[in-house]
1. Does Gly44 meet the test of being at pLDDT 95 or above, of a type in the set (Gly, Ala, Ser) and touching a His at 6+ places or on another chain (Cβ under 8 Å)?
2. Out of the residues in the stretch 187-208 that are aliphatic (A, V, I, L, M) and buried (at least 18 other Cβ atoms within 10 Å of the Cβ), state the one that is farthest from Asp42 (Cα to Cα).
3. Restricting the search to the stretch 119-148, which residues are assigned to a loop (DSSP other than H, G, I, E, B) and either aliphatic (A, V, I, L, M) or without any contact (Cβ under 8 Å) to a residue 60 or more places away in the chain (or both)?
4. Taking Thr74 and the conditions (1) among the hydroxyl-bearing types (Ser, Thr, Tyr); (2) touching a Lys or Arg at 6+ places or on another chain (Cβ under 8 Å); (3) farther than 26 Å from Ser7 by Cβ, which numbered condition does it fall short on, given that it satisfies the others?
5. Given the conditions (1) in contact (Cβ under 8 Å) with a residue 40 or more places away in the chain; (2) in contact with a strand residue (DSSP E or B) (Cβ under 8 Å, 6 or more places away or on another chain), and given that His193 satisfies all but one, which numbered condition is not satisfied?
6. For the stretch 32-52, indicate whether the set of residues that are at positive phi and touching a helix residue (DSSP H, G or I) at 6+ places or on another chain (Cβ under 6 Å) is non-empty.
7. Please enumerate the residues belonging to the stretch 113-139 that are of a type outside the set (Val, Ile, Thr) and within 26 Å of Ser183 (Cα to Cα).
8. Which residue out of Thr223, Thr179 is at pLDDT 95 or above, of a type outside the set (Asp, Glu) and either more than 19 Å from the chain's Cα centre (by Cα) or not in a helix (DSSP H, G or I) (or both)?
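The values are calculated or read from the model by the stated rules, or taken from the named source; none is laboratory data. All values derive from a computational prediction rather than experimental measurement. Reconstructed Cβ throughout: ideal geometry from the backbone, glycine too, with neighbour counts over all protein chains shown.
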Amino acid sequence: MFLKKKSILGEKNGVSFLNGKVSFQKVSLNVYSFLVDGVLIDTGAPSLNKHFEAFIDESDFDQVMITHFHEDHTGCAAYIQKTRKLPIYLSEKSIDSCTKRANYPLYRKFFWGKRSPFHAEAIPDTFASRHATWDVIDTPGHAFDHKAFLNRETGQLFTGDLFVNERTKVVLAEESIPTIIHSLKRVLTYDFHEVFCNHAGFVAEGRQAIERKLEYLCNIQQTVLTLHAQGKSVGEIRKQLFPKPYPIIKLSGGEWDSLHIITSILAAHNDTKSS
């Protein structure tokens, strides 16, 4: 039971990156760390520490911006703190939890490794890099503390896990599709052209891709509510919309599941009705 690990180093439109990949049987996962204008965006996974630490050692940066607290994004933050002693910024909502030993399911520790504790500072609403001013955009939904970063000068938007792909099929139990919809609408109020996603990498025609994802999720939301109003159960809606048994569902013990797409939509709908 050994993970296969590899990484790809690259550059796109002035943004350097390392894409680390882990695979086991039918499940393959990947995550990016980006470097631009003296800013390191996310630090990779602890299971890929040899790859990301080499990237960190060879990179020239002044500060670290982390999109959210998940272990595949914060995995090498402790290494940076130990070796570089540079400021690390994170949403104030998750600073305290990251100073402690991370607690998450065993399968995630198997794939991503165990994140070491680290200390971070609260991300401001805007920040400056060597040649640019950046907007920090609150984008919850995938995680409660999720942020996206927009370089105003280049129009490059770094979306963390807000995008990932255009047609979402499975999500974490903690995710909320209606909240993600609001976050997608929020980033679309900003002036950006290129998208850099921490799992998809560089997204060609990024703004249009974000718009297509938003349209897809809005359609899913409407369909779920329509089927629910017709008396369909959650299980029946899931079978109709997401019939494929994705391997990550079984592997994660249901923490990743299409079911959560439906239940998050219905939960938000019920909250709206009761308020």
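1. Values: at pLDDT 95 or above: yes; of a type in the set (Gly, Ala, Ser): yes; touching a His at 6+ places or on another chain (Cβ under 8 Å): yes.
Considered against the rule, which asks whether it is at pLDDT 95 or above, of a type in the set (Gly, Ala, Ser) and touching a His at 6+ places or on another chain (Cβ under 8 Å), Gly44 comes out as yes.
2. Ranking the qualifying residues of the stretch 187-208, first place goes to Val187.
3. Within the stretch 119-148, the subset assigned to a loop (DSSP other than H, G, I, E, B) is 119-120, 123-125, 129-132, 139-146.
Correct list: His119, Ala120, Ile123, Pro124, Asp125, Ala132, Thr139, Pro140, Gly141, Ala143, Phe144.
4. Failed condition: (3).
5. The one condition His193 does not meet is (1).
6. Initial filter on the stretch 32-52 (at positive phi): 37-38, 42, 44.
Adding the requirement that they be touching a helix residue (DSSP H, G or I) at 6+ places or on another chain (Cβ under 6 Å) leaves 42, 44.
Yes.
7. Here is the first cut: in the stretch 113-139, the residues of a type outside the set (Val, Ile, Thr) are 113-122, 124-125, 127-132, 134-135, 138.
Selection gives Ala120, Glu121, Ala122, Pro124, Asp125, Phe127, Ala128, Ser129, Ala132, Trp134, Asp135, Asp138.
8. On the way: Thr179 fails: either more than 19 Å from the chain's Cα centre (by Cα) or not in a helix (DSSP H, G or I) (or both).
Only one candidate qualifies: Thr223.
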